[in-house]
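Q: So that we are looking at the same thing, I have put the structure below in structure tokens.
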């Protein structure tokens, strides 16, 4: 049972597998966009890899914001692994919370050393929460362990 003092968090390996699945989907989407745009895009001789990188980052943030918002805290990878994102308070996930969380995920993986620190947090903390979980007061738990009351939107 979930309590604020003792959230049911999943092992890091399950989170990594879910993230890997999601990243593969994002890479496939990026490749489709890249190959449908004549491979190398130029405007007046200027290569637009930077614009492509911005599109990828915005797509990454959008994926990790909107998919969990629409799928009750799950991305495709989390759904496959049977895990989901939940708030520590039992409140519904909000757009703002997921946007901040996805921004932190994107920044963490762009700034690899910070990502290593975030992973170290997950490995050494008893609740297995990473930096983006701590900042947004969320955790990732097993879908079957997170049950919401339909009447008042709180955790049972």
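Q: So, restricting to helices (runs of 4 or more DSSP H) that lie completely within region 92-156, which ones have at least 2 residues that are closer than 15 Å to residue 18 by Cβ and either in contact with a strand residue (DSSP E or B) (Cβ under 6 Å, 6 or more places away or on another chain) or at pLDDT below 75 (or both)?
A: none
Q: What single numbered condition from (1) part of a helix (DSSP H, G or I); (2) in contact with a strand residue (DSSP E or B) (Cβ under 9 Å, 6 or more places away or on another chain); (3) over 25 Å from residue 13 (Cβ atoms) fails to hold for residue 78?
A: (3) is the only condition that residue 78 fails.
Q: Within region 59-70, track down each residue that is at pLDDT 90 or above and surrounded by 15 or more Cβ atoms within 10 Å (Cβ to Cβ).
A: Residues satisfying the conditions are 61, 63, 64, 65, 66, 67, 68, 69.
Q: Something else: How many residues does region 81-91 contain that are surrounded by fewer than 21 Cβ atoms within 10 Å (Cβ to Cβ) and either out of contact with any strand residue (DSSP E or B) (no Cβ under 8 Å at 6 or more places or on another chain) or not in a loop (DSSP other than H, G, I, E, B) (or both)?
A: Number of matching residues: 3.
Q: Here's a check for you: in region 31-43, which residue that is assigned to a helix (DSSP H, G or I) and at pLDDT below 75 is farthest from residue 141 (Cα to Cα)?
A: My answer is 35.
Q: Across region 63-96, what is the total count of residues that are on the phi > 0 side of the Ramachandran plot and without any contact (Cβ under 8 Å) to a residue 60 or more places away in the chain?
A: Summing the residues that are on the phi > 0 side of the Ramachandran plot and without any contact (Cβ under 8 Å) to a residue 60 or more places away in the chain in region 63-96 gives 1.
Q: Go through (1) surrounded by 17 or more Cβ atoms within 10 Å (Cβ to Cβ); (2) modelled with pLDDT of 85 or more one by one and return the number of the condition residue 25 breaks.
A: (1)
Q: Is region 44-54 home to any residue that is farther than 18 Å from residue 20 by Cβ, at pLDDT below 90 and surrounded by 19 or more Cβ atoms within 10 Å (Cβ to Cβ)?
A: Within region 44-54, not a single residue is farther than 18 Å from residue 20 by Cβ, at pLDDT below 90 and surrounded by 19 or more Cβ atoms within 10 Å (Cβ to Cβ).
The values are calculated or read from the model by the stated rules, or taken from the named source; none is laboratory data. Keep in mind that what you see is a predicted model, and the values were worked out from it rather than measured. So basically every Cβ, Gly included, is an ideal-geometry build from the backbone, and we count neighbours across all protein chains shown.
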